[in-house]
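Asks: Let me give you the structure first, and then I'll get to my questions.
The values are calculated or read from the model by the stated rules, or taken from the named source; none is laboratory data. Just so it is clear, the model here is predicted, and its values are computed rather than measured. In this analysis, Cβ positions are derived from the backbone assuming ideal geometry, glycine residues included, and neighbour counts consider all displayed protein chains.
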Amino acid sequence: MPTIHTDSGFAIHAGVTSSATPQTTPIVFIVDDDAAARELLESLILEAGWQSETFASAQEFLRRERVPVPSCLLLDIALPGLSGLDLQKHIAADRQDLPIIFVTGHGDIAMTVQAMKAGAFDFLTKPFDSAALLSTVRHAIERSRIALDHAMETHRLRDRYASLTRREQEVMALVVSGLLNKQIGSELGISEITVKAHRGQVMRKMQADSLASLVKMAHRVSPRA
C-alpha cells in the first residue's frame with residue numbers, strides 16, 4: 001500500500017477500505033489546534049468508514065454532549081488553554097468508554113510515561129503511517145464497545161435490584177454472603193419458609209439461574225462496581 005508523507009508530519013496510506021456499521025457507526029473525536037492536522041486525520045478516519053468530529057481545543061470538546069456510541073479520542077498534547085494531558089485528567093475517570101490516543105509532534109519520554117500511567121490507550125508521535133493509526137483506533141473502538149456493553153448490563157442489573165423489596169435486598173445480601181436459609185431466618189427474625197419465598201423472588205427478579213450468578217450480580221450492583 002503506497003504511503004504519502006505530508007508537511008504536517010503524517011504519513012497516509014492510499015486505498016483504505018470502509019468497514020462502517022450502519023446505525024452504530026463509531027465516532028472518532030479529534031482534538032488538535034492545527035487545522036491541517038485535523039483535516040488530515042478526519043479524512044483518514046472517514047475513509048476507514050467511521051464518523052469523525054473535530055475540535056480545536058479541549059474546552060470545545062468538553063462542551064460536546066456525551067453519546068453512548070463506541071468511540072475514541074485522538075488528542076494532541078499542545079493545545080490552547082487546557083493541554084491534552086489536562087483534558088485527560090478531566091475525563092479519564094468518568095469516561096472508561098472513551099479510550100484516549102495521544103497523537104502529537106511535541107511528545108517526549110516523560111510525557112509518554114505520564115499519559116500512559118494516567119490511562120491513555122496509546123501514544124503516537126508524528127510522523128506515523130495510517131496503518132499504525134487505524135489499527136490503534138480499531139482496537140480502541142473495540143475497547144469502547146466492550147465498556148459500553150458492560151455499563152449497559154450493569155445499568156440493567158441495578159434496575160432489577162431496585163425492583164426488589166427492602167426485605168428481598170436483605171435476603172439477597174445474606175444469601176451471597178454464604179449463609180444458609182436457616183441462618184438467614186435467624187438473622188432476620190423470620191421463618192425458614194419465608195426466607196425460601198424471598199430467595200425465590202430474588203432469583204426470579206434478578207434473573208439469576210444459580211447462586212454463582214447471583215453472587216456475580218451482587219458484585220456488579222455494588223456502588224463500588
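Asks: Are any of the residues in the stretch 30-53 touching a Cys at 6+ places or on another chain (Cβ under 8 Å), assigned by TED's automatic domain parsing to the domain that holds M116 and under 23 Å from K126 (Cβ atoms)? Break it down stepwise before answering.
Replies: If we filter the stretch 30-53 for residues that are touching a Cys at 6+ places or on another chain (Cβ under 8 Å), which is where we start, we get none.
No, the stretch 30-53 contains no residue that is touching a Cys at 6+ places or on another chain (Cβ under 8 Å), assigned by TED's automatic domain parsing to the domain that holds M116 and under 23 Å from K126 (Cβ atoms).
Asks: Sticking with this structure for a sec: List, please: which pairs have Cβ atoms under 8 Å, are six or more places apart or on different chains, and start with a residue in the stretch 111-135 that is within 15 Å of L73 (Cα to Cα) and acidic (D, E) and end with one that is at pLDDT 90 or above and assigned to a strand (DSSP E or B)?
Replies: Close Cβ pairs satisfying both conditions: D122/I101; D122/F102.
Asks: What's the number of the only condition in (1) under 30 Å from S43 (Cα atoms); (2) among the acidic types (D, E); (3) in contact (Cβ under 8 Å) with a residue 12 or more places away in the chain that D149 fails to meet?
Replies: Failing condition for D149: (3).
Asks: May I pose another question? Given A208, A132, A212, which one is among the aliphatic types (A, V, I, L, M), out of contact with any helix residue (DSSP H, G or I) (no Cβ under 9 Å at 6 or more places or on another chain), modelled with pLDDT of 95 or more and over 22 Å from V67 (Cα atoms)?
Replies: Details: A208 fails: out of contact with any helix residue (DSSP H, G or I) (no Cβ under 9 Å at 6 or more places or on another chain); A132 fails: modelled with pLDDT of 95 or more.
Just a single option satisfies the conditions, and that option is A212.
To keep it simple, each residue is scored yes or no on (1) out of contact with any Leu (no Cβ under 8 Å at 6 or more places or on another chain); (2) more than 30 Å from L44 (Cβ to Cβ).
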site	(1), (2)
D129	yes, no
R138	yes, no
R167	no, yes
V171	no, yes
S191	yes, yes
T194	yes, yes
H198	yes, yes
K205	no, yes
S222	yes, yes
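Asks: Looking only at the stretch 105-129, filter to residues that are out of contact with any Phe, Trp or Tyr (no Cβ under 8 Å at 6 or more places or on another chain) and among the polar types (S, T, N, Q); which one of those is farthest from L85 (Cα to Cα)?
Replies: Once the filter is applied, the top-ranked residue is T125.
Asks: For L73, work out the one condition from (1) farther than 17 Å from P26 by Cβ; (2) in contact (Cβ under 8 Å) with a residue 24 or more places away in the chain; (3) within 19 Å of the chain's Cα centre (by Cα) it doesn't fulfil.
Replies: For L73, the failing item is (1).
Asks: Which of (1) at negative phi; (2) out of contact with any Ser or Thr (no Cβ under 6 Å at 6 or more places or on another chain); (3) modelled with pLDDT of 95 or more does H150 not meet, given it meets every other one?
Replies: (3)
Asks: I'd like to check something: does the stretch 166-183 contain any residue that is charged (D, E, K, R), at pLDDT 95 or above and more than 17 Å from A197 (Cα to Cα)?
Replies: No, there is no match, as no residue in the stretch 166-183 is charged (D, E, K, R), at pLDDT 95 or above and more than 17 Å from A197 (Cα to Cα).
Asks: Right, another one. Does D97 meet the test of being surrounded by fewer than 17 Cβ atoms within 10 Å (Cβ to Cβ), over 12 Å from F123 (Cα atoms) and in the same structural domain as S135 (by TED's automatic domain parsing)? Let's see the steps before the verdict.
Replies: Values: surrounded by fewer than 17 Cβ atoms within 10 Å (Cβ to Cβ): no; over 12 Å from F123 (Cα atoms): yes; in the same structural domain as S135 (by TED's automatic domain parsing): yes.
The answer is no for D97.
Asks: Condition test on K196, is it outside the structural domain of H90 (by TED's automatic domain parsing) and either of a type outside the set (F, W, Y) or touching a Gly at 6+ places or on another chain (Cβ under 9 Å) (or both)?
Replies: yes
Asks: Can you give me the number of residues within the stretch 95-110 that are acidic (D, E) and under 25 Å from the mean Cα position of the chain (by Cα)? Before you say what the answer is, go through the steps one by one.
Replies: Initially, the stretch 95-110 is screened for residues acidic (D, E), giving 97, 108.
Next, only the ones that are under 25 Å from the mean Cα position of the chain (by Cα) stay: 97.
Counting residues in the stretch 95-110 that are acidic (D, E) and under 25 Å from the mean Cα position of the chain (by Cα) gives 1.
Asks: Please pick out the residue among K126, K117 that is touching a Gly at 6+ places or on another chain (Cβ under 8 Å) and within 30 Å of I100 (Cα to Cα). Please lay out each step first, then the result.
Replies: Working: K117 fails: touching a Gly at 6+ places or on another chain (Cβ under 8 Å).
Going through K126, K117 in turn, the sole match is K126.
Asks: Is it fair to say P80 is over 20 Å from the mean Cα position of the chain (by Cα), in the same structural domain as A37 (by TED's automatic domain parsing) and surrounded by fewer than 14 Cβ atoms within 10 Å (Cβ to Cβ)? Show your work before the answer.
Replies: On the way: over 20 Å from the mean Cα position of the chain (by Cα): yes; in the same structural domain as A37 (by TED's automatic domain parsing): yes; surrounded by fewer than 14 Cβ atoms within 10 Å (Cβ to Cβ): yes.
Yes: the conditions hold for P80.
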